[in-house]
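K.L.:
Mind having a look at this structure? Questions to follow.
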Amino acid sequence: MNLEDIAKKAGVSRSTVSRVINNERYVSQPVRQRVLDVIEREQFQPNPAARALVTRRSNIIGVSIPQTSNVFFGDNSYFPMLLQGIAEAVNCLDYAMLLWLAESHEVRDTFAKRVVRHRQPDGLLLTSVTDDDPLFNHLLQRNRHFVMVESPPRHQDRVSYVTVDNVRAAEIAVNHLIEIGRRRIATITGQINIRDASERLTGYTNALQAAGLPIDDSLIFYGRFDRAQGYQGMRQLLQYQPDAVFAGGDTAAIGAIAALKEAGVRVPEDVAVIGFDDLDVAVQANLTTIRHSVQTVGSTAARLLIDIIEGRLEHPHHIVLPTELVIRGSTVPV
């Protein structure tokens, strides 16, 4: 069937059917519903190429992860969980998803240009953007539709994003460690030129200052959001005798616990450990952590981007999703 067939069965014009299919305004609700009923009854599927010519949209969003593919497919389940949330939203809204992963050997500017040159997606979701990320700069310069999955490194007034209150959540995490009597609290950060990591470090220092505890640079290990860095960081921090560790991510926290056990240090009796994100590994490891729904971050960001693409939002929107402290056996003995 084509648009003329649908129009004839619904008793409307072809242009009305086109407006309904493209979710445009100026169609009354009774007429819209009549057309939709015919479309459903006849199981009509619009031709994507023809619809793209009319709407100038492909109904495809791009997802850019400028991390090396070995990080994505490694021990960190954050990205698969994020993509699960994005996929749920795009499938529900009849969009498709195009994924870009940087290769381990690829220069970031080369990756950015490769993404920007590809004109098929209507907009982009950006994750793990560094302070000097060239892709972020290219998209701003070209005025492309995009939404960030974290707060941007700059130009907040021009950029839509979805995030959590990393600073406050980190303060809550460190306050929990203080409340259970820990005083030499170390931290293993994520990649510090990514806003999630720098904001969590700010929360860590805020909580120590508010409690009158010194900020000891020897207790800060600048790492990444992965198990290997958590393990390496904990081995380095052990010489300074911390009694607690706040890791910028759950996977790093798991690495820290592995290093503690290898050294014969008891968790939590000798050193308490807390993570961030509440990934599946946190449940398995009985890890105290800051919980937020990574899938919800992904689905919210995708819906926000599609709202921008379809013209429902004219100004940048900033969405901050809630977090909560989940106490498990890595800080309080079971």
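K.L.:
Where both partners of a DSSP beta bridge lie in the chain, what percent of those bridges are antiparallel, to the nearest 5?
P.N.:
Of the beta bridges lying entirely in the chain, close to 10 percent run antiparallel.
K.L.:
What is the set of long-range amide H partners of residue 225 at a cut-off below 5 Å, with H atoms built 1.01 Å from backbone N?
P.N.:
Amide H neighbours of residue 225, under 5 Å, 5+ apart: 191.
K.L.:
Applying the Karplus parametrisation 6.51 cos²θ - 1.76 cosθ + 1.60 with θ = phi - 60° to the phi angles of segment 312-319, what ³J(HN,Hα) value in whole Hz is obtained for each residue in order, glycine and proline being reported as x?
P.N.:
7, 10, 9, 10, x, 10, 10, 10
K.L.:
Using 0.36 nm times the number of residues separating residue 60 and residue 29, minus their current alpha carbon distance, what extension gain do you get?
P.N.:
Gain on stretching residue 60 to residue 29: 8.4 nm.
K.L.:
Sticking with this one: Using only Cα atoms and rounding to the nearest 10 degrees, what angle (0 to 90) does helix 78-92 make with the longest principal axis of the chain?
P.N.:
Once rounded, the angle reads 20 degrees.
K.L.:
What length, rounded to one decimal in nm, is gained on full extension from residue 216 through to residue 183, with 0.36 nm per residue of separation minus their alpha-carbon distance?
P.N.:
Stretched fully, the residue 216-residue 183 segment lengthens by 10.8 nm.
K.L.:
Counting other Cβ atoms within 10 Å, which GluC sites (Glu not before Pro) in segment 245-329 have at most 10 and lie in a DSSP loop?
P.N.:
269, 314
K.L.:
If each residue of separation counts as 0.36 nm, what is the full-extension length gain between residue 266 and residue 319 once their alpha-carbon separation is subtracted?
P.N.:
15.1 nm
K.L.:
For segment 135-214, state the average projected area of the convex hull of the C-alpha atoms over all orientations, rounded to one decimal in nm².
P.N.:
5.9
K.L.:
Can you spot the aspartates and glutamates whose alpha carbon is less than 17 Å from residue 8's alpha carbon? Ignore those fewer than 8 places along the same chain.
P.N.:
By straight Cα distance, residue 8 reaches 37, 40, 42.
K.L.:
Next question. What whole-number distance in Å separates the alpha-carbon centres of segment 157-213 and segment 276-334?
P.N.:
Cα centroid to Cα centroid, the span is 16 Å.
K.L.:
Also, I was wondering about something else. At R0 = 35 Å, how high is the FRET efficiency between residue 138 and residue 280 if r is their beta carbon distance? Nearest 0.05 is fine.
P.N.:
The formula returns an efficiency of 0.55 here.
K.L.:
I want to check the label-to-label distance for residue 15 and residue 91. Put each point 7 Å from Cα in the C-beta direction and report it in nm to one decimal.
P.N.:
Each label point lies 7 Å from its Cα, and together they span 3.8 nm.
K.L.:
Another question about this same structure. For the chain, give the magnitude of the charge dipole about the Cα centre (Cβ charges: +1 Lys/Arg, -1 Asp/Glu; no others), in debye to the nearest 20.
P.N.:
The calculated dipole for the chain is roughly 1120 debye.
K.L.:
Continuing with this model, one more query. Going by amide H atoms built from the backbone, whose H comes under 5 Å of the H on residue 164, apart from near neighbours?
P.N.:
Here 321 satisfy the definition.
K.L.:
What is the distance in Å between the Cα centroid of segment 13-48 and that of segment 78-99?
P.N.:
When both Cα centres are located, 26 Å separates them.
K.L.:
Would you calculate, for the chain, the mean residue ellipticity at 222 nm contributed by helices, counting each DSSP H stretch of 4 or more residues as -39,500 (n - 2.57) and dividing by all residues, to the nearest 500?
P.N.:
Rounded to the nearest 500, the figure is -13500 deg cm²/dmol.
K.L.:
Extent of the chain along each principal axis, from alpha carbon coordinates, in Å, largest to smallest?
P.N.:
Its Cα atoms span 78, 42, 33 Å along the three principal axes.
Bear in mind that the values in this text are calculations on the coordinates, not laboratory data. Given the structure is predicted, the values throughout are model-derived calculations rather than measurements. No Cβ is skipped: glycine too gets one built from the backbone with ideal geometry, and neighbour counts run over all protein chains shown.
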